[in-house]
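See below for the structure under consideration.
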Amino acid sequence: MLRTAVAAVCLTCSVVSLPIWAANFPEAEISNGVIKAKLYLPDAVKGYYRATRFDWSGSISSLEYKGHNYFGVWFSKYDPKLHDSITGPVEEFRTGESALGYDEAKVGGSFIRIGVGVLLKPEEDKFQQFKTYQIVNPGKWIVHKKKDSVEYVQELSDPSSGYAYDYTKIVRLTKGRPEMTIEHTLKNTGSKNIATNVYNHNFFVIDGKTSGPDFAVRFPFAPKALADVSGKLEIHGNELTYVRDLPADQSAYTELTGYGDNASDFDIRVENKSAKAGVRVRGDKPLWKMIFWSIRTVLCPEVYINMDIAPGKEFTWKLTYDFYTMAK
């Protein structure tokens, strides 16, 4: 959902590989015999992603099914502490327009970014979503790797703010099927309510295809764009498509409405007719908000859900990704 400096993010229709991207970052490889995927692992010192915007768990460097790849590098500048130097279906947690505990914290105090850690609040006018803050405590990460799944657990406690939680994410490939699930549990182990929303940015890069008319995004409802996207996107019924290939210096961004309060509306398909490949994303919770963002190298339906977790309680949610090919 980066809305500024698009030209600096992507300058060509293909992404330039830099030597550092081939570095030996902590990762795991999983397979169910149908899908093969590589996932980065959280590490405060050597991890691929060490910025403070996105949850450090679940980033996928590649996912292959029938010769097609669905995730990968979409940006031209890599820095482990840059907010958008990340791949795969990653998530960001926000409380209102800031982060958990940010508004109540004093300068020099602490606030929380779930899936990242305890951060130091500097002297500034307001929270900056894309800024990389100083990490005071990254919490304790525990990773369990299996043949077809990776379980990430972050245990975090910040006595000074009263916030604490156990966060579990399991990325699992379904046996014998072109399906991946991401199961989440957020348990409040602190003394304050955890009020947050979360969305998955997705970052789809199907076979590295350019964001343009070959792509279609379909919904179970008729979406309405709140922003003026004329000349870039168009919506007919329940389908969103591109008017033309997005130029390297432009982005497409809009909030979408039209969904109801039933989880059945959390059902999105992204297809590319030249690659003959698609992916379906479903969630088990109602939509709270929806954004569509894209630049030339990536497209991102971002579905938000909302939660308010009392001390001692937990909240669970699940995403299901079905990967498929289309007739030639």
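Just so you know, all these numbers are worked out from the coordinates, no wet-lab data involved. Model, not experiment: these values are computed from the prediction. With ideal geometry, Cβ positions are generated from the backbone for all residues, glycine too; neighbour counts draw on all protein chains shown.
Could I have the simple spin-label model distance between K175 and N197, label points 7 Å from Cα toward Cβ, reported in nm to one decimal?
3.9 nm
Rank E124, E271, E97 by mean-square fluctuation in a GNM of the chain with C-alpha springs under 10 angstrom and give only the top-ranked residue.
Ranking E124, E271, E97 by mean-square fluctuation puts E124 first.
Would you compute, from DSSP H runs of 4+ residues alone, the mean residue ellipticity of the chain at 222 nm, taking -39500 (n - 2.57) per run and dividing by the full residue count, rounded to the nearest 500?
Working: 1 runs with 4 residues, N = 328.
Here the helix-only value at 222 nm equals 0 deg cm²/dmol.
Counting other C-beta atoms within 10 Å, which of M326, M180 has the fewest, and how do the rest follow?
Values: M326 11, M180 27.
Ranking M326, M180 by Cβ neighbours within 10 Å, fewest first, gives M326, M180.
Output wanted: per-residue J couplings in Hz (rounded whole) for region 218-235, from phi through Karplus 6.51 cos²θ - 1.76 cosθ + 1.60, θ = phi - 60°, x for Gly and Pro.
Values, residue by residue: 10, 10, x, 9, 8, x, 10, 7, 7, 9, 7, 10, 4, x, 10, 10, 9, 10 Hz.
Give a residue-ordered list of calculated ³J(HN,Hα) values for region 51-58 (Karplus: 6.51 cos²θ - 1.76 cosθ + 1.60, θ = phi - 60°; whole Hz; x for Gly, Pro).
7, 10, 8, 9, 3, 6, 9, x
Using modelled backbone amide H atoms (1.01 Å from N, in-plane), which distant-in-sequence or interchain residues come within less than 5 Å of A227's amide H?
E255
Can you pull out the trypsin sites (Lys or Arg not before Pro) in region 29-77 whose DSSP state is coil and whose Cβ has at most 14 other Cβ atoms within 10 Å? Don't jump to the answer; show the numbers that get you there.
Values: sites: K36, K38, K46, R50, R53, K66, K77; in loops: K46, R50, R53, K66, K77.
Filter output for region 29-77: K46, K66, K77.
Quick check on the chain: take the gyration tensor over C-alpha atoms, sort the square-rooted eigenvalues as a ≥ b ≥ c, and tell me if it's rounded (a/c under 1.5), prolate or oblate. Let's see the in-between values first.
Values: a/c = 1.44, a/b = 1.35, b/c = 1.07.
Cα axes put the chain in the rounded bin.
I'd like the distance between the alpha-carbon centres of region 274-301 and region 215-268, rounded to an integer number of Å.
Each part reduced to its Cα centre gives a spacing of 9 Å.
Taking 0.36 nm per intervening residue step and subtracting the Cα-Cα distance, what contour gain separates S98 from D214 on full extension? Can you show the working numbers first?
On the way: separation 116, 0.36 × 116 = 41.76 nm, distance 3.60 nm.
Stretched fully, the S98-D214 segment lengthens by 38.2 nm.
Could you pull out the pairs from K77/K285; K131/K276; K46/K169; K36/K209; K38/K209 whose alpha carbons sit more than 27 Å apart here?
Details: K77/K285 35 Å; K131/K276 38 Å; K46/K169 20 Å; K36/K209 20 Å; K38/K209 20 Å.
Correct reply: K77/K285; K131/K276.
Could you size up the charge dipole of region 217-328 around its Cα centre, putting +1 on the beta carbon of Lys and Arg and -1 on that of Asp and Glu, and report it in debye to the nearest 20? Provide the component values of the computation, followed by the final result.
Working: 15 positive and 15 negative charges, 86 e Å.
I would put it at about 420 debye.
Please list, ordered by chain and number, the residues whose modelled amide H lies under 5 Å from the amide H of A277; skip anything fewer than 5 residues away on the same chain.
Result for A277 returns N272, M326.
May I ask you to evaluate 6.51 cos²θ - 1.76 cosθ + 1.60, the Karplus curve with θ = phi - 60°, for each residue of region 250-258 and list the ³J(HN,Hα) values in order in whole Hz, giving x for glycine and proline?
10, 10, 10, 9, 7, 7, 10, 10, x
Based on other C-beta atoms within 10 Å, arrange W317, W293 from fewest to most. Before the final figure, lay out each step's value.
Working: W317 17, W293 20.
Ranking W317, W293 by Cβ neighbours within 10 Å, fewest first, gives W317, W293.
With unit charges on the beta carbons (Lys and Arg positive, Asp and Glu negative) and the dipole taken about the Cα centre of the chain, which residue among G101, G176, L256 sits farthest to the positive side?
G176
Rank Y163, G67, I268 by how far each Cα sits towards the positive end of the charge dipole of the chain (+1 on Lys, Arg Cβ; -1 on Asp, Glu Cβ) and give me just the farthest.
Farthest towards the positive end: G67.
Dividing the alpha-carbon radius of gyration of region 45-136 by 2.2 N^0.38 Å (N being the number of residues), what value is obtained? Walk me through the numbers on the way to the answer.
Values: Rg = 14.9 Å, N = 92, 2.2 N^0.38 = 12.3 Å.
Cα-based Rg divided by the globular estimate yields 1.21.
What ranking do F71, F93 get, fewest neighbouring Cβ atoms within 10 angstrom at the top? Each step should come with its number before you reach the end.
Values: F71 25, F93 22.
With the sparsest Cβ surroundings first, the list reads F93, F71.
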